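Take a look at the structure below.
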Amino acid sequence: MDFFPKVVASVASLDDAREAVRLGADMIEVRVDLASEDPPVLVEKIFRLGKPIIVTIRPAWEGGSFRGDDAERLELFRKLIPLADYVDVELRAGNVDEIVSLTEGSDAMAIVSYHDFERTPSNGEMLDIISRCLEKGDIAKLAVMPGSLGDALRLFEVTLASKRPVCTMAMGDIGAHSRIVAPLYGSVFSYGYVREPVAPGQMRVDRIIEGLRLLGLR
Ligand SMILES: O=C1C[C@@](O)(C(=O)O)C[C@@H](O)[C@@H]1O
């Protein structure tokens, strides 16, 4: 295996971030849209834990809880980027290019993401989505909802066929195994939870680590 996938803990509090470190997460995704604490204060506290940080401000129209407008979200990203190793922005965001451009001249990389909570697109559509994400940012992320194991299998095919770096996951109960299996096909990150899943089918991060070890990926 020419790379080792990173296990990302999705958190919205300092307590969960501390637990993520204890459970062995490699990186911490701060879901700013789910946090109750002031974002710059929270991200600064989590930054001090010493793990790479992904800043995500997921809008309601793509499954998150942020209800501000594009300008407000852009400003929040601008404030948080100095502490971020990665920012996650949706391919379909109206100002995706503006948000990605905030990373230029910073240490942060841009994850350009696409979530389909209803279905698993065709292989051609998924490859096209990944390609468009990589045109805009540094890492492509694709999360889909499988209706069958065959859909999950197609996601693995697409992951294997994709240019790097790509992060993929099949959500829901049918797709839960993808948290451990997708990295085998080249997914560079696997997202898990600490206390409660933030997306359908997420596993707790220590379980992902255990599974990756069984596959010789840790
Ligand atoms: O995009 C993703 C993936 C995710 O939706 C998941 O299915 O684990 C969890 C989100 O927090 C993250 O930003």
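Taking the condition of being assigned to a loop (DSSP other than H, G, I, E, B), without any contact (Cβ under 8 Å) to a residue 40 or more places away in the chain and of a type outside the set (S, T, N, Q), how many residues in the range 53-73 meet it? First the steps, then the outcome.
Let us first name the residues in the range 53-73 that are assigned to a loop (DSSP other than H, G, I, E, B), namely 57-58, 63-65, 67-69.
Checking which are without any contact (Cβ under 8 Å) to a residue 40 or more places away in the chain leaves us with 57-58, 64-65, 67-69.
Keeping just the survivors that are of a type outside the set (S, T, N, Q) gives 57-58, 64, 67-69.
Going through the range 53-73 one residue at a time, the tally reaches 6.
Considering the range 205-218 alone, what residues qualify as being in contact with a helix residue (DSSP H, G or I) (Cβ under 7 Å, 6 or more places away or on another chain) and away from the ligand (no atom under 12 Å from the Cβ)?
Taking the range 205-218 as the starting set, the residues that turn out to be in contact with a helix residue (DSSP H, G or I) (Cβ under 7 Å, 6 or more places away or on another chain) are 205-206, 208, 211-212, 215, 217-218.
If the condition is that a residue be in contact with a helix residue (DSSP H, G or I) (Cβ under 7 Å, 6 or more places away or on another chain) and away from the ligand (no atom under 12 Å from the Cβ), then ASP206, GLY211, LEU212, LEU215, LEU217, ARG218 are the ones that fit.
Listed residues LEU80, LEU49, LEU76; which is part of a loop (DSSP other than H, G, I, E, B), more than 14 Å from the ligand (Cβ to nearest atom), at pLDDT 95 or above and among the hydrophobic types (A, V, I, L, M, F, W, C)?
Numbers: LEU80 fails: part of a loop (DSSP other than H, G, I, E, B); LEU76 fails: part of a loop (DSSP other than H, G, I, E, B).
Only one candidate passes the filter, namely LEU49.
Looking at the range 27-46, which of its residues are in a helix (DSSP H, G or I) and either more than 17 Å from SER113 (Cβ to Cβ) or more than 16 Å from the ligand (Cβ to nearest atom) (or both)? Full working, then the answer.
So the first thing to find is which residues in the range 27-46 are in a helix (DSSP H, G or I), and the list is 32-34, 39-46.
Within the range 27-46, PRO39, PRO40, VAL41, LEU42, VAL43, GLU44, LYS45, ILE46 meet the criteria.
Check whether at least one residue in the range 201-210 is within 15 Å of LEU142 (Cα to Cα) and touching a residue at least 24 places away in the same chain (Cβ under 8 Å), and report yes or no. Show your work before the answer.
Of all residues in the range 201-210, those within 15 Å of LEU142 (Cα to Cα) come to 201-202.
With touching a residue at least 24 places away in the same chain (Cβ under 8 Å) added as a condition, the list becomes 201-202.
Yes, because at least one residue in the range 201-210 is within 15 Å of LEU142 (Cα to Cα) and touching a residue at least 24 places away in the same chain (Cβ under 8 Å).
Taking the condition hydrophobic (A, V, I, L, M, F, W, C) and within 18 Å of THR56 (Cβ to Cβ), does PHE156 pass?
Against the criterion (hydrophobic (A, V, I, L, M, F, W, C) and within 18 Å of THR56 (Cβ to Cβ)), PHE156 does not qualify.
Taking only the range 83-95 into account, find how many residues are out of contact with any helix residue (DSSP H, G or I) (no Cβ under 6 Å at 6 or more places or on another chain) and part of a helix (DSSP H, G or I).
Qualifying residue count for the region: 0.
Please note which helices (runs of 4 or more DSSP H) are completely contained in the range 159-218 and include at least 1 residues that are surrounded by fewer than 20 Cβ atoms within 10 Å (Cβ to Cβ). Even if it seems obvious, please write down each step before you answer.
Numbers: elements: 172-175, 178-181, 205-214.
In the range 159-218, the matching helices (runs of 4 or more DSSP H) lie at 172-175, 205-214.
For the range 27-57, give me each residue that is touching a strand residue (DSSP E or B) at 6+ places or on another chain (Cβ under 6 Å) and farther than 18 Å from ASP107 by Cα.
Matches in the range 27-57: ARG31, ASP33, ILE57.
Residue by residue through the range 180-197, note down the ones that are within 12 Å of the chain's Cα centre (by Cα) and within 12 Å of the ligand (Cβ to nearest atom). Can you show your working first?
Going through the range 180-197, the residues within 12 Å of the chain's Cα centre (by Cα) turn out to be 187-193.
Passing the criteria: SER187, PHE189, SER190, TYR191, GLY192, TYR193.
I'd like to check something: does the range 40-55 contain any residue that is within 26 Å of GLY186 (Cα to Cα) and among the aromatic types (Phe, Trp, Tyr)?
no
Among the residues of the range 137-157, how many are within 22 Å of MET109 (Cβ to Cβ), away from the ligand (no atom under 11 Å from the Cβ) and either of a type in the set (A, V, I, L, M, F, W, C) or part of a strand (DSSP E or B) (or both)? Show your work before the answer.
If we filter the range 137-157 for residues that are within 22 Å of MET109 (Cβ to Cβ), which is where we start, we get 137-143.
Remaining after also requiring away from the ligand (no atom under 11 Å from the Cβ): 137-140.
Filter once more, keeping what is either of a type in the set (A, V, I, L, M, F, W, C) or part of a strand (DSSP E or B) (or both): 139-140.
Residues flagged as within 22 Å of MET109 (Cβ to Cβ), away from the ligand (no atom under 11 Å from the Cβ) and either of a type in the set (A, V, I, L, M, F, W, C) or part of a strand (DSSP E or B) (or both) within the range 137-157 amount to 2.
Return the total of residues in the range 103-131 being surrounded by fewer than 17 Cβ atoms within 10 Å (Cβ to Cβ), of a type outside the set (A, V, I, L, M, F, W, C) and within 16 Å of the ligand (Cβ to nearest atom).
2
Does GLY24 satisfy the criteria of being within 15 Å of the ligand (Cβ to nearest atom), closer than 23 Å to ALA143 by Cβ, touching a residue at least 40 places away in the same chain (Cβ under 8 Å) and not hydrophobic (A, V, I, L, M, F, W, C)?
Numbers: within 15 Å of the ligand (Cβ to nearest atom): no; closer than 23 Å to ALA143 by Cβ: yes; touching a residue at least 40 places away in the same chain (Cβ under 8 Å): yes; not hydrophobic (A, V, I, L, M, F, W, C): yes.
Criteria not met by GLY24.
The values are calculated or read from the model by the stated rules, or taken from the named source; none is laboratory data. Please read these numbers as outputs of a predicted model, since none were measured by experiment. Positions of Cβ are generated from backbone atoms using ideal geometry, with glycine treated the same way; all protein chains shown enter the neighbour counts.
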